[in-house]
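Before any comments, here is the structure.
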């Protein structure tokens, strides 16, 4: 009797979730079918040893990520513990499916629709989340923090920045309706077995209608220090929202600190003061000491300074004074490939930097 009831509930959830996902895929992918494999509850339970807490490698306020396996290659499973609006979950699945061909996006393999809240299956993120690597800690199932792994080198961080910038640029330019991610931060970047950066969590993403320059959303959400001030003031969302968040992401990579902790460390909690009074601190006062281990020469210091400048330009209060993500990605590639002892920014960037100091 109990089994029949369970099977009925799963069947009901499957059809209801399937209908919602189908509608979201049509809206997101312009009517083009994108195949998504369907998994049963039992398959995912076996893959995770019944969601063994020791399999959790990353958690957020609304979901946990599990390492799993189907008697073959490892996989990553995203399981929501709760969510007040399931539309965000279907957006996450649909946009992930649309972006799965990009090398710097965590590839969606399939999902389980038999549960009240769908469960997503992705390729393996063998090296976990960037957030845990940056802070050099991870949380086990009891919430205890344990030190693990070697800190990421500067060159690794620079490579990650360039890869994620490329993924965001693709979001903004590859489709007739640009997609704004809206939740870029180190916790939403994973690393695969080769250290390749993978962007995740498209639940908050939103498309800008064709022919429009922005979209309006009254629901303000996100992470403090990553939310674009222009959006808070106007409710207008443009691609420059992601540029601002990416500037905060660059500061995470540079400092290895949570941004609110960084601002406390240098006695500035006001972001504008921090950005405009750059003479208050030097690069060695904010850079993560761990990334300098084994890194010698003025080229590295010039790269650090250039990335800091780029981060501050991305976080300009006026969206018009920020770069486009395509240009940000190009600048990061130039910085990464620089072998000169003197690294100079293009005149356009220097002008923007001067403007940022005058705001």
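The values are calculated or read from the model by the stated rules, or taken from the named source; none is laboratory data. Here the structure is a predicted model, which means the values were calculated and not measured. All Cβ positions, glycine included, derive from the backbone under ideal geometry; neighbour counts span all protein chains shown.
Descriptive notes on the structure:
Quick grid of which residues meet (1) out of contact with any helix residue (DSSP H, G or I) (no Cβ under 7 Å at 6 or more places or on another chain); (2) not in a helix (DSSP H, G or I):
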residue	(1), (2)
202	no, yes
210	yes, yes
221	yes, yes
227	yes, yes
233	yes, no
241	no, no
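- Residue 169 being over 26 Å from residue 59 (Cα atoms), touching a helix residue (DSSP H, G or I) at 6+ places or on another chain (Cβ under 7 Å) and at pLDDT 95 or above: yes
- Unique residue being out of contact with any helix residue (DSSP H, G or I) (no Cβ under 6 Å at 6 or more places or on another chain) and under 20 Å from residue 17 (Cβ atoms) when the list is 135, 122: 122
- The one condition from (1) within 22 Å of residue 81 (Cα to Cα); (2) surrounded by fewer than 16 Cβ atoms within 10 Å (Cβ to Cβ) that residue 31 does not meet is (1).
- Some residue of the stretch 254-262 being closer than 22 Å to residue 156 by Cα, at pLDDT below 80 and in a loop (DSSP other than H, G, I, E, B): no
- Conditions (1) surrounded by fewer than 19 Cβ atoms within 10 Å (Cβ to Cβ); (2) touching a strand residue (DSSP E or B) at 6+ places or on another chain (Cβ under 8 Å); (3) under 30 Å from residue 165 (Cβ atoms): number failed by residue 93: (1)
- Filter result for residue 246 (out of contact with any strand residue (DSSP E or B) (no Cβ under 8 Å at 6 or more places or on another chain) and not in a helix (DSSP H, G or I)): no
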